[in-house]
Amino acid sequence: CVEGILVQDWVRSSRLLALIDCEEDKALFIYTCNKTPVICADDITLEAALPIKGDFICNIESESSMALPGADVPVRITTNETDVLFELPFGSKTSHFFSQIKQAIGNFLQQTSQGRPLSFQWVERYRLCIEESQQSGTNDLFGFDKFQPASTAQPHTVEKTPPPAQQDPDDLAFEDNFADLRVSQIDSGSEGPPGLSPGMRESQGSSYGSRESFTTSSTEENLVDVGSGSVTGVMKTMGSAVRPVGVRDGIVKLHMSKRESEFTVLKPFRIFIGTWNVNGKSCAEDLGPWLACDAEPPDIYAVGFQELDLSKEAFLFNDSPREEEWLRGVYKALHPRANYKKIKLIRLVGMMLIVFAKHELASYITDVAAETVGTGIMGKMGNKGGVGVRLVFHNTTFVFINSHLAAHVEEYERRNQDYNDICSRMLFKDFGSPLHISQHDAIFWLGDLNYRISELSADEVKGFIRKDMLRDVYEYDQLNRQMRIQKAFIGFTEGEINFLPTYKYDSGTDSWDSSEKNRAPAWCDRILYRGESIRQLKYRGHMALKISDHKPVSSIFDVQVKTIDEKRYKKVYEDVIRQLDRLENEFLPQVSLSKLEFVFSNVMYKEEQQQSLSVTNSGQVPVQFEFINKLDENKYCKPWLEAEPSMCFIMPGDKVEVKFIVLVDKMSASSLNAGEKLEDILILHLDGGKDFFISISGNYIPSSFGASIEALVRMHGPIREIPIELLFQMESDPSNSQQVEPFQAFDIPKEVWMLVDHLFRNGTKVAHLFDQGGLHKNFFVDHACIHLNLHRFIAGSIHSVAEALLEFIAALREPVIPYVYYQKCLDCSNNFVLCKQVLSQIPRSHRNVFKYLTAFARELLLYKEESKLHEKTLATLLGELFLRPPPGKEVLQVPPNRRQAAIQQIARKKASFVYNFIVNEYDE
Amino acid sequence: MAKKTYDLLFKLLLIGDSGVGKTCILFRFSDDAFNTTFISTIGIDFKIKTVELQGKKIKLQIWDTAGQERFHTITTSYYRGAMGIMLVYDITQPKTFDNITKWLRNIDEHANEDVERMLLGNKCDMEDKRMIPKERGESIAREHGIKFLETSAKSNVNVEKAFMTLAEDILRKTPQKDSNPDSSSVSVHKETSSRKSGCC
């Protein structure tokens, strides 16, 4: 699959391309993306289903843009109905996708050659669905009819996944409604889902994948070549914003051609066109009477020959010594009053076309190309057909076609067919999209077209000619008739024929064919033209040349050529570039934010505060925003902050509310108690656009939750009454707190004592004391008590007090068993003596808390009957609370398959460590 | 015979203290306009502009950064992608000039090693409020081996020249894809020797 963006008139929109595999035949499905990244099935709509069969062509568009490493690869997909251009990201994924398509095409050809034509019925069903959904107006993004202007659109593809999805055609149960179908398919689970869901899943996975992997999805980074090893959010910003210039080339060309008249001046140039069927003869005559019979030297010559070489070698190997011979003959005979340069020579068997231009004009001729089309034996061989040369002279495009069409009087329809074949098969490549003959300003068609005189006998024709009644003969000319009924050469003009038929003469004479066949004379050799600014000056036969059974024909034209005024060209060009830059800047994603700074005041432990930011898409294109990580950070914000949503897609004019939620919990409380400020800057990144910095600040009310045991035992009053600097000092280095704290230390934090005391007095006989969470509301009440005034009566249920105790222990800045003893305790957990030894090493206040709580546990166990508590349950609970792995070591370094077992083992060790102390009396 | 295009994309970054006129310089260059109302840039924004240099179409993608002190840590993380950095101070605010050394150190620490740098003394239209003589700008630029121009986004002085100069410097270092490397290396050499430190 490929996820892509189709750009139409500067509006980019995503497309997702998926190669769908149905047993043997494949099809390319194009989806519109209503959202990026594509997350669920509703985010996409099927836009087109193109079966990969004979008319399916997929080509890399232009050689020149491939020259730029990292540039997107333009890929044109053509079928009988569709012609679209996609821009695929440079890289191995694209080439893989490309090769998959090629393979599919090859597969099709193979199948058909084995006489097993593929029906693509399953694709047809999808296509019906598309039509239905478009008619019913559900697909309002882009109608299918708009989805074709490859010449103006510049689609851009961002991401892709290579493997084609497998599909089971039997499961294709189609409902009437396409939308239903889509949903049911996606929902149908992973085991053999029908339709497009496997492909979709592929693409979702990868679209996330490549969002992360910056180097593959960003074209520009290749240009910059930062060589960055680590992928960060910020780097993504710098990398993905602007497409390379190459993408715009087509648009610049289009704009320039639209404004061509502003910078071009028409100037006449003289063109000589000549054609001669030389009947396989060698060049033994001076060609001057044919090529240089005018006073003025022409600017450009296009000279065509037929039957240049009738040998088997020429036919089979397309190799002829005559080529060089005739080229020299022509070159010698060009107009003596000018110097000419050969621009191009092209030959197919006996058909040869040479184009010359005056030396001084050669530098204005560019984009020269030549092609051949054989229409002879089996419709392919080069005994008949055409050769063509196209070129750009100043700013006017020219094409010259020299053809030799099918012979024999009655075969005029075959000649029409040959003409049509040449028109459709003659494609000049290497200029972006292949150019047809008709896509040129000035078209000259010359050659032995072989049209004869119908209905008249040889003698009748000769009779008319003797009486100089050429016009009457012309009425019976097949080409004249075929053109009149629009069967061939539609749009072409031929000048009035004032010369004798050029066929068929006895070689070396001016007398008509005297062989037994006694062929009727005919104007086999013709010159036609098509184009707005072409004026024919002369059209004539040349009786003086006698070696062939044909006479040569020539014509002189004046063509008004668009020449470029360099100054004006530059001005228009700069103007076009400026306009495009302006458009590109205007079409960058834009949003307006309601606020850039947020202040949260008096944030308290576990008390959530919210503020909201409205993000309005004030630009002209759909916007996707996302909060991105700052350099070297692994989350976009601090642990006490959350943005909801943190990623979103907004259509132009729409608005989205983002909630900022501040919640300090046990994970973040201790660093805030230690003086870290409630401050953060979030980077709101627009995909393909700018970044905003959003400042979050506020103040945190210190809480005994998240404080250290060392500091707590030295606080006689509520924590709020401790000067903040002193608190920070105590918290930033708890082991030194004796020096800064004036009071005598308590044995254990008074909060612990108070909670335990309350539980001891009221809760020893309550069932499931720790298993049942208290009501949330009460929990907060308890908090407030602990923060504000310890001596106040603790309100709330006994369960919430129990919960508060657990929370309090869990939030302690350093756990009851300090981090440094964590591993030791686990190691000796099955030996009570060793456990006691370790315990004797931990700081006194920690040891006191430990002793106090285990003693309380033993007390609770005395009332096992009522409290329904069990030693092991209690040991597990307290083990998790007392023993926390040191920061940074939370994740176990074991293979994933053994992780679960390892976690359980550690939990057992923690429990058994505590278990020792709740089943045994312990005193120092 | 088809003409080959050498399209390049250069990423430039504007840095410097808040209020020195980075956004105005960019606005002048991209839209040829000037806006007197001061709106502090809170984030990272960019504009594109296509220029032609030595017959090559070059797309400049110019990033404008927040100058406020509190964002410095974040903005330095954007240096990595830049091929050229335009360091701007305000000739009427000595503080912004004093900070140049700090900004240069930031570049050394965070930008690519081969990044092209350039120093701009902006607001040179305000001669009556000038606090930093041009010579001081020239001298600090010389000290660090970088080019220097005094600019005015308001009066459109040297803005285009500054960007073109920086782009040229980057182009000179960009590997040439010409089929004829001799001719290009000659022209590069010529340019290098004829170039002098720019001035207002």
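The values are calculated or read from the model by the stated rules, or taken from the named source; none is laboratory data. What you see is a predicted model; the values in this text were computed from it and never measured. Backbone-built Cβ (ideal geometry, glycine too); neighbour counts: all protein chains shown. We work out accessible area using only protein heavy atoms, side chains counted, and drop any ligands, DNA or RNA first. Shrake-Rupley method; radii C 1.70, N 1.55, O 1.52, S 1.80 Å.
Of the residues that sit in the range B:20-32 and are within 11 Å of chain A (Cβ to nearest Cβ) and over 12 Å from B:PHE163 (Cα atoms), which one is surrounded by the most Cβ atoms within 10 Å (Cβ to Cβ)?
This residue is B:PHE27.
Report yes if A:VAL664 is buried (at least 20 other Cβ atoms within 10 Å of the Cβ), away from every other protein chain (no Cβ under 14 Å) and touching a Cys at 6+ places or on another chain (Cβ under 8 Å), otherwise no.
no
When you look at A:GLU710, is it free of Cβ contacts under 8 Å to residues at least 12 places away in the same chain and away from chain B (no Cβ under 14 Å), yes or no?
So A:GLU710 fails the test.
If you scan the range A:326-363, which residues turn out to be assigned to a strand (DSSP E or B) and either within 14 Å of chain B (Cβ to nearest Cβ) or surrounded by fewer than 17 Cβ atoms within 10 Å (Cβ to Cβ) (or both)?
So the first thing to find is which residues in the range A:326-363 are assigned to a strand (DSSP E or B), and the list is A:340-348, A:351-358.
Of everything in the range A:326-363, those that are assigned to a strand (DSSP E or B) and either within 14 Å of chain B (Cβ to nearest Cβ) or surrounded by fewer than 17 Cβ atoms within 10 Å (Cβ to Cβ) (or both) turn out to be A:LYS341, A:LYS342, A:ILE343, A:LYS344, A:VAL355, A:ALA357.
Mind listing whichever residues of the range A:518-541 are part of a loop (DSSP other than H, G, I, E, B) and modelled with pLDDT of 95 or more?
A:TRP523, A:CYS524, listed by residue number.
Could you list, in sequence order, the residues of the range B:49-101 that are more than 9 Å from every other protein chain (Cβ to nearest Cβ) and of a type in the set (A, V, I, L, M, F, W, C)?
Once the filter is applied, which keeps residues that are more than 9 Å from every other protein chain (Cβ to nearest Cβ) and of a type in the set (A, V, I, L, M, F, W, C), the range B:49-101 yields B:LEU53, B:LEU60, B:ILE62, B:ILE85, B:MET86, B:LEU87, B:VAL88, B:ILE91, B:PHE97, B:ILE100.
Look through A:ASN617, A:ASN673 and report the one residue that is more than 29 Å from A:GLY888 (Cα to Cα) and more than 14 Å from chain B (Cβ to nearest Cβ).
Result of the check over A:ASN617, A:ASN673: A:ASN617.
Taking the options B:THR96, B:THR151, name whichever one is β-branched (Val, Ile, Thr), surrounded by 20 or more Cβ atoms within 10 Å (Cβ to Cβ) and under 13 Å from the mean Cα position of the chain (by Cα). Write out each step before concluding.
Details: B:THR96 fails: under 13 Å from the mean Cα position of the chain (by Cα).
That would be B:THR151, the only listed residue that is β-branched (Val, Ile, Thr), surrounded by 20 or more Cβ atoms within 10 Å (Cβ to Cβ) and under 13 Å from the mean Cα position of the chain (by Cα).
Identify, please: which residue in the range B:41-56 is of a type outside the set (Val, Ile, Thr) and open to solvent by less than 40 Å² (accessible area, probe 1.4 Å) and is, among those, nearest to A:ASP249 (Cα to Cα)?
As a first pass, look at the range B:41-56 and keep what is of a type outside the set (Val, Ile, Thr): B:43, B:45-47, B:49, B:52-56.
Next, only the ones that are open to solvent by less than 40 Å² (accessible area, probe 1.4 Å) stay: B:43, B:46, B:49, B:53, B:56.
Working: B:GLY43: 31, B:PHE46: 22, B:LYS49: 15, B:LEU53: 17, B:LYS56: 13 Å.
Among residues in the range B:41-56 that are of a type outside the set (Val, Ile, Thr) and open to solvent by less than 40 Å² (accessible area, probe 1.4 Å), the one nearest to A:ASP249 (Cα to Cα) is B:LYS56.
So which pairs qualify, if the first residue must be in the range A:504-518 and open to solvent by less than 50 Å² (accessible area, probe 1.4 Å), the second must be assigned to a loop (DSSP other than H, G, I, E, B) and β-branched (Val, Ile, Thr), the Cβ gap must be under 8 Å, and the two must be at least 6 apart or on different chains?
A:GLY508/A:ILE547
Mind checking whether some residue in the range A:817-838 is in contact with a Ser or Thr (Cβ under 7 Å, 6 or more places away or on another chain) and among the charged types (D, E, K, R)?
no
Mind checking which residues of the range A:223-246 are facing another protein chain (nearest Cβ under 9 Å), open to solvent by less than 50 Å² (accessible area, probe 1.4 Å) and either at pLDDT 50 or above or not in a helix (DSSP H, G or I) (or both)?
Hits for the range A:223-246 are A:VAL226, A:SER228, A:THR232, A:ALA241, A:VAL242, A:ARG243, A:PRO244, A:GLY246.
Within the range A:364-380, is there a residue that is part of a helix (DSSP H, G or I), within 14 Å of chain B (Cβ to nearest Cβ) and either free of Cβ contacts under 8 Å to residues at least 24 places away in the same chain or more than 20 Å from A:PHE317 (Cβ to Cβ) (or both)?
Yes, the range A:364-380 contains at least one residue that is part of a helix (DSSP H, G or I), within 14 Å of chain B (Cβ to nearest Cβ) and either free of Cβ contacts under 8 Å to residues at least 24 places away in the same chain or more than 20 Å from A:PHE317 (Cβ to Cβ) (or both).
With respect to the numbered conditions (1) in contact with a Gly (Cβ under 7 Å, 6 or more places away or on another chain); (2) open to solvent by 10 Å² or more (accessible area, probe 1.4 Å); (3) within 11 Å of chain A (Cβ to nearest Cβ), which one is the sole condition not fulfilled by B:ASP17?
In the conditions (1) in contact with a Gly (Cβ under 7 Å, 6 or more places away or on another chain); (2) open to solvent by 10 Å² or more (accessible area, probe 1.4 Å); (3) within 11 Å of chain A (Cβ to nearest Cβ), B:ASP17 misses (3) alone.
What number of residues in the range A:813-844 are of a type outside the set (S, T, N, Q), touching a helix residue (DSSP H, G or I) at 6+ places or on another chain (Cβ under 9 Å) and part of a helix (DSSP H, G or I)?
Here the count works out to 11.
Within the range A:259-315, can you find the residues that are part of a strand (DSSP E or B), of a type outside the set (A, V, I, L, M), under 19 Å from A:LYS342 (Cβ atoms) and open to solvent by less than 20 Å² (accessible area, probe 1.4 Å)?
A:PHE272, A:GLY274, A:THR275, A:TRP276, A:TYR301, A:GLY304, A:PHE305
Scan the range A:385-402 and tell me whether some residue there is in contact with a strand residue (DSSP E or B) (Cβ under 8 Å, 6 or more places away or on another chain), under 23 Å from A:ALA284 (Cα atoms) and either buried (at least 17 other Cβ atoms within 10 Å of the Cβ) or among the charged types (D, E, K, R) (or both).
yes
Given the options A:TYR340, A:TYR364, name the one that is modelled with pLDDT under 95 and among the hydroxyl-bearing types (Ser, Thr, Tyr).
After applying the criteria, what remains is A:TYR364.
Can you confirm whether the range A:687-700 contains a residue that is under 42 Å from the mean Cα position of the chain (by Cα), touching a residue at least 24 places away in the same chain (Cβ under 8 Å), assigned to a strand (DSSP E or B) and surrounded by fewer than 17 Cβ atoms within 10 Å (Cβ to Cβ)?
Checked the range A:687-700: at least one residue is under 42 Å from the mean Cα position of the chain (by Cα), touching a residue at least 24 places away in the same chain (Cβ under 8 Å), assigned to a strand (DSSP E or B) and surrounded by fewer than 17 Cβ atoms within 10 Å (Cβ to Cβ).
Count, please, the residues in the range A:587-630 that happen to be on the phi > 0 side of the Ramachandran plot and surrounded by 15 or more Cβ atoms within 10 Å (Cβ to Cβ). It would help to see each step written out before you state the result.
Filtering the range A:587-630 for residues on the phi > 0 side of the Ramachandran plot gives A:602, A:606.
Still in the list and also surrounded by 15 or more Cβ atoms within 10 Å (Cβ to Cβ): A:606.
The total comes to 1.
Across the range A:868-903, which residue is farthest from A:THR854 (Cα to Cα) among those that are in a loop (DSSP other than H, G, I, E, B) and touching a residue at least 40 places away in the same chain (Cβ under 8 Å)?
A:PRO887
If I ask for residues that are open to solvent by less than 10 Å² (accessible area, probe 1.4 Å) and either under 29 Å from B:LYS134 (Cα atoms) or part of a helix (DSSP H, G or I) (or both), which ones from the range B:77-89 would you list?
Residues satisfying the conditions are B:TYR79, B:GLY81, B:ALA82, B:GLY84, B:ILE85, B:MET86, B:LEU87, B:VAL88, B:TYR89.
Which one is surrounded by the most Cβ atoms within 10 Å (Cβ to Cβ), of the residues in the range A:444-497 that are of a type in the set (Val, Ile, Thr) and assigned to a helix (DSSP H, G or I)?
Step one: of the range A:444-497, the residues of a type in the set (Val, Ile, Thr) are A:453, A:461, A:465, A:473, A:485, A:490, A:493, A:497.
Filter once more, so that each one left must be assigned to a helix (DSSP H, G or I): A:461, A:465, A:473.
Numbers: A:VAL461: 21, A:ILE465: 16, A:VAL473: 24.
Checked the range A:444-497; the qualifying residue surrounded by the most Cβ atoms within 10 Å (Cβ to Cβ) is A:VAL473.
Suppose we keep only residues that are within 14 Å of another protein chain (Cβ to nearest Cβ) and polar (S, T, N, Q) within the range B:102-151. Which one would you say is nearest to B:ALA82 (Cα to Cα)? Before the answer, list the steps.
Here is the first cut: in the range B:102-151, the residues within 14 Å of another protein chain (Cβ to nearest Cβ) are B:106, B:109-116.
Pick out the ones that are also polar (S, T, N, Q) and you get B:106, B:112.
On the way: B:ASN106: 13, B:ASN112: 7 Å.
Only one residue tops the list, namely B:ASN112.
Given the conditions (1) open to solvent by 40 Å² or more (accessible area, probe 1.4 Å); (2) acidic (Asp, Glu); (3) within 14 Å of chain B (Cβ to nearest Cβ), report the number of the one that A:GLU584 does not fulfil.
Among (1) open to solvent by 40 Å² or more (accessible area, probe 1.4 Å); (2) acidic (Asp, Glu); (3) within 14 Å of chain B (Cβ to nearest Cβ), the lone unmet condition for A:GLU584 is (1).
Could you please find all residues in the range B:121-132 being assigned to a strand (DSSP E or B) and in contact with a helix residue (DSSP H, G or I) (Cβ under 6 Å, 6 or more places away or on another chain)? It would help to see each step written out before you state the result.
Filtering the range B:121-132 for residues assigned to a strand (DSSP E or B) gives B:121-122.
Hit for the range B:121-132 is B:GLY121, nothing else.
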